[in-house]
Amino acid sequence: MIKLFRYLKPYTWGVVAILGLVLLQSLSELYLPTLMSDIINNGIVKSDTDYIWHTGGWMLLVALGGSALAIAVSYLSAKIAMGFGRDIRNVIFRRVESFSLHEFDKIGGTATLITRSTNDVQQVQQLMIMALRMVISAPMMMIGGIIMAVSRDATLSLVIVVGLPVLSGAILLIARFGVPLFQSIQEKLDRLNLVVREGLTGIRVIRAFNRDDAEKVRFTQANRDLMIDNIKVNRIFGAMFPLMMLVMNFTTLAIIWFGGKRLGSGHGNVGDLHAFMQYVMQIMFSLIMVTMMFIFFPRAAVSAKRINEVLEVEPEIKDAAQVKQAAGQRGWVEFQNVTFSYPGAEAPAIEGISFKAGPGEVTAIIGGTGAGKSTLVSLVPRFYDIQQGAILVDGVDVRELAQADLRAKIGYVPQKALLFSGTIAENIRYGKEDASELEIRHAAEVAQAAEFIAGLKDGFDSPVAQGGTNLSGGQKQRLTIARALVRRPEIYLFDDNFSALDFKTDAKLRAALKKETQDSTVIVVAQRVSTVMDADRIIVLDEGKVVGMGKHRELLQSCPVYREIAASQLAEEELA
């Protein structure tokens with residue numbers, strides 16, 4: 001929790017202002033019972049109407065001032081807490097953006113990151129509001145109340161000595177049993193978010209396999225687990241308020257009983273007894289405010305710990321202390337004996353990979369499932385760092401280039417076509433923020449997307465649902481290709497992006513790409529031999545190693561793995 005306080009630095013002025021306002025508010029509230037005591041002692045008892053009006057008017061003015069101070073404190077505390085929550089969410093988002101895919105898995109995946117960025121931040125934010133409103137004022141009111149109560153009647157103050165330890169002990173005992181449950185609640189909230197997210201994103205698969213009932217059972221179980229823990233917490237903390245009221249009522253009863261006896265014996269007066277009761281109530285209510293903090297603090301502390309776990313993860317992939325600038329070359333990619341293993345894997349995903357690709361060339365990568373094709377492509381934009389060898393872009397090791405500069409050179413089309421909510425034009429413009437309408441249309445035409453876009457009601461302004469769920473697989477792939485084309489990069493990386501296209505569209509797209517990318521380096525991952533057979537260089541992977549490199553005809557003669565793949569896809573006439 002303390003580690004997060006460093007993000008309060010911009011709001012120091014507000015905290016200082018709240019301290020001053022709370023001090024004035026506490027003084028006004030402590031002063032009110034004294035004024036009431038004076039009215040009873042000097043006004044009502046002596047039947048002095050002028051004194052009642054004068055002191056009552058002053059009392060009303062003090063009360064109004066205290067109310068105005070309370071409003072100001074509420075406003076400032078809400079403003080500071082909301083700004084603090086906004087800053088924490090920004091910090092989490094920026095940190096998560098810098099994570100490698102391995103770090104995503106290390107934290108626990110998308111579901112827990114969503115919970116930590118929203119619900120956990122909200123818990124800390126609520127604690128901040130409560131702390132600024134109550135934690136600062138409660139000690140002042142408690143200490144001030146005890147001082148004023150003792151000044152009114154030191155003997156009667158012994159009642160407080162009995163009541164406060166009982167109440168404090170009960171609060172600590174209840175909090176001890178409640179705190180462990182908060183960690184469980186947040187973890188089960190993660191689980192519920194995961195189940196809901198998988199149920200919504202995988203709805204087609206669930207229906208296709210008729211697993212609706214199984215998913216309902218899965219959701220019900222996760223929902224019930226969260227409900228049970230929440231009920232336990234509410235039962236524990238629900239017992240706190242009746243207990244507090246019981247202690248307060250018994251304390252009031254004791255004050256009236258012993259105070260009445262003291263009045264009967266000629267010690268003190270009615271006004272002082274009334275003031276004493278008010279001060280004791282202020283002390284008790286201060287304890288109630290502290291109790292409220294006991295409800296919010298444990299859960300916020302758990303949330304703060306979960307937030308810190310995200311912020312303390314040091315990104316594995318970060319810019320070098322002294323970054324270099326690529327100069328002279330443009331679009332050259334070179335692998336020098338590259339070996340890469342995923343964290344925790346027993347064997348390398350790719351091993352000993354060496355090749356060079358330059359502008360105007362098409363380098364195709366083909367191989368069986370799990371051969372390491374997508375892994376190889378993902379190393380160029382530095383989604384992972386390699387263990388051995390070097391990857392050079394324009395003659396500079398990618399680890400020595402700034403990540404932003406490296407990725408600005410690349411037009412990457414991922415294997416899974418991912419679109420964002422918005423319009424078609426906005427999704428294409430995602431590749432180049434300042435792209436003109438003409439550039440967007442040209443990129444769509446090259447990607448063979450212009451025809452289906454023209455058939456939509458609003459054309460390029462047609463809406464795209466989250467994840468592109470209102471488009472077919474082939475349409476999504478063509479739009480992701482257009483998104484890469486619109487930025488006109490030095491290097492194009494196509495990670496198996498032609499599989500959802502029919503052979504006619506595939507052929508037209510490759511022909512258009514050849515003209516569009518003739519000054520750039522193109523690396524294509526593909527499953528179809530027809531997609532790669534015209535490439536300048538074909539790299540054949542098998543179990544992470546290069547087992548063949550050359551052109552189509554050469555590989556048919558020299559590479560058994562390639563010949564086997566080609567034989568499964570091409571007719572005998574084409575092989576001959």
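A few notes on this one:
- Among the residues of the range 39-60, those identified as at pLDDT below 75 and exposed (fewer than 12 other Cβ atoms within 10 Å of the Cβ) are Lys46, Ser47.
- Only residues that are under 23 Å from Ser100 (Cβ atoms) and touching a Pro at 6+ places or on another chain (Cβ under 6 Å) were counted in the range 324-339, giving 1.
- Of the residues contained in the range 458-475, one or more are found to be part of a strand (DSSP E or B) and either more than 30 Å from Pro359 (Cα to Cα) or not polar (S, T, N, Q) (or both).
- Qualifying position, being touching a Lys or Arg at 6+ places or on another chain (Cβ under 7 Å) and of a type in the set (Phe, Trp, Tyr), among Phe276, Phe219: Phe276
- Filter result for Thr49 (over 17 Å from Ala138 (Cα atoms), in contact with a helix residue (DSSP H, G or I) (Cβ under 8 Å, 6 or more places away or on another chain) and of a type in the set (S, T, N, Q)): yes
- Just one of the listed residues (Lys504, Lys551) is without any contact (Cβ under 8 Å) to a residue 24 or more places away in the chain, farther than 23 Å from Gly360 by Cβ and open to solvent by 20 Å² or more (accessible area, probe 1.4 Å), and it is Lys504.
- Qualifying positions in the range 133-156 - free of Cβ contacts under 8 Å to residues at least 40 places away in the same chain and either within 21 Å of Val247 (Cα to Cα) or open to solvent by less than 10 Å² (accessible area, probe 1.4 Å) (or both): Ile143, Ile147, Val150, Ala154
- Selected residue (only one of Gly431, Gly370, Gly411 is crowded, with 20+ Cβ neighbours inside 10 Å, of a type outside the set (A, V, I, L, M), more than 27 Å from the chain's Cα centre (by Cα) and not in a helix (DSSP H, G or I)): Gly411
- Test: Gly360 is farther than 20 Å from Leu406 by Cβ, of a type in the set (Gly, Ala, Ser) and over 28 Å from the mean Cα position of the chain (by Cα): yes
- Residue selected from the range 205-236 under the condition more than 29 Å from the chain's Cα centre (by Cα) and under 26 Å from Phe296 (Cα atoms), by the criterion surrounded by the fewest Cβ atoms within 10 Å (Cβ to Cβ): Arg235
- Residue that is least open to solvent (accessible area, probe 1.4 Å) [pool: residues in the range 242-267 that are over 26 Å from Asn41 (Cβ atoms) and among the aliphatic types (A, V, I, L, M)]: Met244
- Filter result for the condition that a residue is farther than 30 Å from Lys261 by Cα and among the aliphatic types (A, V, I, L, M), over Ala149, Ala131, Ala154: Ala131
Residue by residue, here is whether (1) without any contact (Cβ under 8 Å) to a residue 12 or more places away in the chain; (2) within 23 Å of Met141 (Cβ to Cβ); (3) assigned to a helix (DSSP H, G or I) holds:
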position: Arg6; (1), (2), (3): yes, no, yes
position: Ser26; (1), (2), (3): no, yes, yes
position: Ile39; (1), (2), (3): no, yes, yes
position: Gly57; (1), (2), (3): yes, no, yes
position: Tyr75; (1), (2), (3): yes, yes, yes
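- In this structure, Leu418 does not qualify as assigned to a helix (DSSP H, G or I) and under 20 Å from Thr480 (Cα atoms).
- Filtered by the rule that a residue be among the polar types (S, T, N, Q) and either surrounded by fewer than 15 Cβ atoms within 10 Å (Cβ to Cβ) or at pLDDT below 75 (or both), the range 279-307 gives a lone residue, Thr291.
- Filtering the range 320-343 for residues that are within 23 Å of Ile88 (Cα to Cα) and in a loop (DSSP other than H, G, I, E, B) leaves an empty set.
- Residue count for the range 439-486, restricted to those that are buried (at least 18 other Cβ atoms within 10 Å of the Cβ), touching a residue at least 60 places away in the same chain (Cβ under 8 Å) and not hydroxyl-bearing (Ser, Thr, Tyr): 9
- Hey, Gly20 in contact with a Ser or Thr (Cβ under 7 Å, 6 or more places away or on another chain) and free of Cβ contacts under 8 Å to residues at least 60 places away in the same chain or not: no
Okay, residues lined up against (1) in contact with a Leu (Cβ under 7 Å, 6 or more places away or on another chain); (2) hydrophobic (A, V, I, L, M, F, W, C):
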{"site": "Met140", "(1), (2)": "yes, yes"}
{"site": "Ile146", "(1), (2)": "no, yes"}
{"site": "Ile171", "(1), (2)": "no, yes"}
{"site": "Gly178", "(1), (2)": "no, no"}
{"site": "Lys188", "(1), (2)": "yes, no"}
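- Matching residues, the range 434-454, being part of a loop (DSSP other than H, G, I, E, B) and farther than 13 Å from Arg478 by Cβ: Asp434, Ala435, Ser436
- Restricting attention to the range 104-124, the residues being out of contact with any Phe, Trp or Tyr (no Cβ under 8 Å at 6 or more places or on another chain) and either among the small types (Gly, Ala, Ser) or open to solvent by 40 Å² or more (accessible area, probe 1.4 Å) (or both) number 9.
- Residue in the range 380-390 that is closer than 27 Å to His552 by Cα and open to solvent by 10 Å² or more (accessible area, probe 1.4 Å) present: no
The values are calculated or read from the model by the stated rules, or taken from the named source; none is laboratory data. Note that the structure is a prediction, hence the values are computed from the model and not measured. Quick reminder, even Gly has a Cβ in these numbers, built from the backbone with ideal geometry, and neighbours come from all protein chains shown. Side chains are part of the model used for accessible areas, which takes the heavy atoms of the whole protein and leaves out ligands, DNA and RNA. Shrake-Rupley method; radii C 1.70, N 1.55, O 1.52, S 1.80 Å.
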